[in-house]
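What follows is one structure encoded as structure tokens, with my remarks underneath.
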């Protein structure tokens, strides 16, 4: 979770060393162990270190092995033993204790830009090649580590911290109105290459950036593999393979003997905690968010059952006081971009509580992705005329779920008869008409559809994995946004594990997390293992909004360019505005208004 920054002169001019040092010093909050800079011909690199692994304890970046090729990286590599073996056979052997940045640099020396075909893990990095006069940057396959950049006629500035890039004089010159509209409509920016600031871009997940000869090019280097379906003879083989990969994914993310885990009483986080124990993490401490008064909540009970069975100490953070009281501190702008976080104090206190135990926080995020329901499975079998498989899987589904297999009939009928389900949300008619029409917002809204991706077996699951939602979530958890020295790691987003899960037969393994439940046999209490997957009994954010309804019922004067004020005023006075489906709209308008009013927005940091 190191901080990285770079300044490249497009015209070969000398880089202002004081500006580079200022950018690097700004990121000391995310890398308090060391801060270093390096200056070359028309290039300057900066790095701030937060050591989270034994290999990083003595790491020095910016790093070079030969004085000609330099790297700054925020990286945690998986499958290090495999990479070390590949480097050895390629004639670029590295010691076992080499840092992750050094391994990336040796991989570049061995395979050039094709080194990305050999790297697994969470990473972003920039490599300056003096001999080629080229800059090579990359973002990990799923976008866990953010990477931002801006380019002018004279300079290319990049960092994994948005506020660092914003310190460039022209970086905040104008807003990206489409990003702003996407925030109002969907709660986050949908374009993986955009930020709220028009001059600042994101490097999308699984993409590499090249600069050479004054030109920037961005190219995708990875797509999910289209593997054949795995057909094991024994059901136990699926379970053992899953156990092996989840333990491997957990172990690769925990090279130290101490970690915190965001622990609920559900299957995903408890499975990660159980396998962390198996991986030899002796000092594991849980942190659990609970609600004891404002709504029914069983997380304290189930997480306590699991923690007691594993001998894991657990800290509880009660969220009741954060959402029950009337307060306005949520309007204080804390984020680089507008967001829907109306409980920033709760999130900050949770992270600080976790950081008392370790600089690393395990999560169960992604547990739903690999086992995403395969709703199109049966329709696909019929299209392929695989009637035997259709009947066999249909029988398994019926026996397991006591219902008919999903064929999409309900969805089709809803589309044709305009039947609305409980999650239906109407297009916001209170948007400014000119703003709406100039960006084609209604068309974007109507084109929304469930995520899909080209994949022979699991298009919904792969589509869910590639959705921009995850990139935004990862960025929100990054220290560059949270300002807390805590690195989130997500074993369920391990590519080796996901590749396996996308290749298993959907029936029965993806049904109600059947595979996870089978793998946890004799590892967790039965009450936890067999606990039904149920949503929260109430929405804590909706409770907070209703407790602070007056703050969200105003029609902000500075939103006239985006909101038709009379229509919006009528909307927030209607009962529908603060319903379960619609309450995010007044939240977004109010939070965007506060963000636009903040003096820091257009002044950098």
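Only one of 527, 577, 550 is more than 24 Å from the chain's Cα centre (by Cα), more than 30 Å from residue 239 (Cα to Cα) and either surrounded by fewer than 16 Cβ atoms within 10 Å (Cβ to Cβ) or modelled with pLDDT under 90 (or both). Can you tell me which?
After applying the criteria, what remains is 550.
Give 514, 502 a once-over and let me know the one that is more than 17 Å from the chain's Cα centre (by Cα), over 30 Å from residue 146 (Cα atoms) and assigned by TED's automatic domain parsing to the domain that holds residue 277.
Details: 502 fails: over 30 Å from residue 146 (Cα atoms).
Exactly one of 514, 502 is more than 17 Å from the chain's Cα centre (by Cα), over 30 Å from residue 146 (Cα atoms) and assigned by TED's automatic domain parsing to the domain that holds residue 277, namely 514.
Under 24 Å from residue 254 (Cα atoms), surrounded by fewer than 17 Cβ atoms within 10 Å (Cβ to Cβ) and out of contact with any helix residue (DSSP H, G or I) (no Cβ under 7 Å at 6 or more places or on another chain): does that describe residue 52?
Numbers: under 24 Å from residue 254 (Cα atoms): yes; surrounded by fewer than 17 Cβ atoms within 10 Å (Cβ to Cβ): no; out of contact with any helix residue (DSSP H, G or I) (no Cβ under 7 Å at 6 or more places or on another chain): yes.
Answer is no for this residue.
Cβ-Cβ under 7 Å, sequence separation 6+ or interchain: first residue in segment 94-112 and over 24 Å from residue 132 (Cβ atoms), partner in a helix (DSSP H, G or I) and at pLDDT 95 or above. Which pairs?
Hits for this filter: 96/84.
Those residues that are more than 26 Å from residue 466 (Cα to Cα) and in contact with a helix residue (DSSP H, G or I) (Cβ under 7 Å, 6 or more places away or on another chain), I need them from segment 160-196; list them, please.
Matches in segment 160-196: 164, 167, 171.
Show me the strands (runs of 3 or more DSSP E) found entirely inside segment 44-146 where at least 1 residues are assigned by TED's automatic domain parsing to the domain that holds residue 255.
Numbers: elements: 69-77, 121-129, 134-139.
Fully inside segment 44-146 and qualifying: nothing.
Within segment 148-177, count every residue that is assigned to a helix (DSSP H, G or I) and either in the same structural domain as residue 563 (by TED's automatic domain parsing) or in contact with a strand residue (DSSP E or B) (Cβ under 7 Å, 6 or more places away or on another chain) (or both). Before you say what the answer is, go through the steps one by one.
Residues of segment 148-177 that are assigned to a helix (DSSP H, G or I), as a first pass: 162-165, 177.
Applying the additional criterion that residues be either in the same structural domain as residue 563 (by TED's automatic domain parsing) or in contact with a strand residue (DSSP E or B) (Cβ under 7 Å, 6 or more places away or on another chain) (or both) yields 162, 164-165.
Within segment 148-177, residues that are assigned to a helix (DSSP H, G or I) and either in the same structural domain as residue 563 (by TED's automatic domain parsing) or in contact with a strand residue (DSSP E or B) (Cβ under 7 Å, 6 or more places away or on another chain) (or both) number 3.
Any idea how many residues of segment 564-574 are in a loop (DSSP other than H, G, I, E, B) and surrounded by 15 or more Cβ atoms within 10 Å (Cβ to Cβ)?
Total meeting the criteria: 1.
Determine if segment 319-330 includes at least one residue that is over 23 Å from the mean Cα position of the chain (by Cα), free of Cβ contacts under 8 Å to residues at least 24 places away in the same chain and either in the same structural domain as residue 194 (by TED's automatic domain parsing) or closer than 28 Å to residue 30 by Cα (or both).
So far as segment 319-330 goes, yes, one or more of its residues are over 23 Å from the mean Cα position of the chain (by Cα), free of Cβ contacts under 8 Å to residues at least 24 places away in the same chain and either in the same structural domain as residue 194 (by TED's automatic domain parsing) or closer than 28 Å to residue 30 by Cα (or both).
Are any residues in segment 250-274 assigned to a helix (DSSP H, G or I) and surrounded by fewer than 18 Cβ atoms within 10 Å (Cβ to Cβ), and if so, which ones?
251
Filter segment 178-194 down to the residues that are in contact with a strand residue (DSSP E or B) (Cβ under 6 Å, 6 or more places away or on another chain) and not in a helix (DSSP H, G or I) and list them by number. Before the answer, list the steps.
Here is the first cut: in segment 178-194, the residues in contact with a strand residue (DSSP E or B) (Cβ under 6 Å, 6 or more places away or on another chain) are 179, 193.
193 - this is the single residue of segment 178-194 that is in contact with a strand residue (DSSP E or B) (Cβ under 6 Å, 6 or more places away or on another chain) and not in a helix (DSSP H, G or I).
Sort out which residues of segment 465-479 are part of a helix (DSSP H, G or I) and either under 19 Å from residue 185 (Cα atoms) or over 16 Å from the mean Cα position of the chain (by Cα) (or both), and write them in order of number.
So in segment 465-479, the residues part of a helix (DSSP H, G or I) come out as 465-466, 468-477, 479.
If the condition is that a residue be part of a helix (DSSP H, G or I) and either under 19 Å from residue 185 (Cα atoms) or over 16 Å from the mean Cα position of the chain (by Cα) (or both), then 468, 469, 470, 471, 472, 473, 476 are the ones that fit.
So which residues in segment 237-279 are within 25 Å of residue 75 (Cβ to Cβ), without any contact (Cβ under 8 Å) to a residue 40 or more places away in the chain and out of contact with any helix residue (DSSP H, G or I) (no Cβ under 7 Å at 6 or more places or on another chain)?
244, 251, 257
Whether any residue in segment 4-21 is over 27 Å from residue 131 (Cα atoms) and either crowded, with 18+ Cβ neighbours inside 10 Å or touching a strand residue (DSSP E or B) at 6+ places or on another chain (Cβ under 6 Å) (or both) is what I want to check. Reasoning before the result, please.
If we filter segment 4-21 for residues that are over 27 Å from residue 131 (Cα atoms), which is where we start, we get none.
There is no residue in segment 4-21 that is over 27 Å from residue 131 (Cα atoms) and either crowded, with 18+ Cβ neighbours inside 10 Å or touching a strand residue (DSSP E or B) at 6+ places or on another chain (Cβ under 6 Å) (or both).
Given the options 589, 524, name the one that is part of a loop (DSSP other than H, G, I, E, B) and not assigned by TED's automatic domain parsing to the domain that holds residue 404. I'd like the intermediate steps shown before the answer.
On the way: 589 fails: part of a loop (DSSP other than H, G, I, E, B).
Being part of a loop (DSSP other than H, G, I, E, B) and not assigned by TED's automatic domain parsing to the domain that holds residue 404 holds for just one of 589, 524, which is 524.
Every residue in segment 275-307 that is more than 18 Å from residue 364 (Cβ to Cβ) and either in a loop (DSSP other than H, G, I, E, B) or modelled with pLDDT of 95 or more (or both), please.
Within segment 275-307, the subset more than 18 Å from residue 364 (Cβ to Cβ) is 280, 282-283, 291-296.
280, 282, 291, 292, 293, 294, 295, 296, listed by residue number.
Given (1) buried (at least 21 other Cβ atoms within 10 Å of the Cβ); (2) within 22 Å of residue 358 (Cβ to Cβ), identify the lone condition not met by residue 322.
Looking at each condition in turn, residue 322 falls short on (2).
Of the residues that make up segment 276-288, is at least one over 26 Å from the mean Cα position of the chain (by Cα), under 30 Å from residue 117 (Cβ atoms) and crowded, with 20+ Cβ neighbours inside 10 Å?
Within segment 276-288, not a single residue is over 26 Å from the mean Cα position of the chain (by Cα), under 30 Å from residue 117 (Cβ atoms) and crowded, with 20+ Cβ neighbours inside 10 Å.
Any idea which of 477, 473 is closer than 22 Å to residue 50 by Cα and surrounded by fewer than 19 Cβ atoms within 10 Å (Cβ to Cβ)?
On the way: 477 fails: surrounded by fewer than 19 Cβ atoms within 10 Å (Cβ to Cβ).
Just a single option satisfies the conditions, and that option is 473.
Given the criterion under 28 Å from residue 199 (Cβ atoms), part of a loop (DSSP other than H, G, I, E, B), modelled with pLDDT of 90 or more and outside the structural domain of residue 512 (by TED's automatic domain parsing), identify the matching residue among 561, 594.
Among 561, 594, only 561 is under 28 Å from residue 199 (Cβ atoms), part of a loop (DSSP other than H, G, I, E, B), modelled with pLDDT of 90 or more and outside the structural domain of residue 512 (by TED's automatic domain parsing).
Kindly indicate which of 520, 541 is touching a helix residue (DSSP H, G or I) at 6+ places or on another chain (Cβ under 7 Å) and farther than 25 Å from residue 224 by Cβ.
Numbers: 541 fails: touching a helix residue (DSSP H, G or I) at 6+ places or on another chain (Cβ under 7 Å).
Exactly one residue qualifies, and that residue is 520.
Hey, can you tell me all the residues within segment 103-119 that are in contact with a strand residue (DSSP E or B) (Cβ under 9 Å, 6 or more places away or on another chain) and crowded, with 20+ Cβ neighbours inside 10 Å? Talk me through it step by step, then tell me what you get.
Kept after step one, since they are in contact with a strand residue (DSSP E or B) (Cβ under 9 Å, 6 or more places away or on another chain), are these residues of segment 103-119: 103-105, 108-109, 112-113, 115-116, 119.
The answer is 103, 104, 105, 108, 115, 116, 119.
The values are calculated or read from the model by the stated rules, or taken from the named source; none is laboratory data. The structure presented is a predicted model; accordingly, all values stated were derived computationally and were not measured. Cβ: placed from backbone, ideal geometry, glycine included. Neighbour counts: every protein chain shown.
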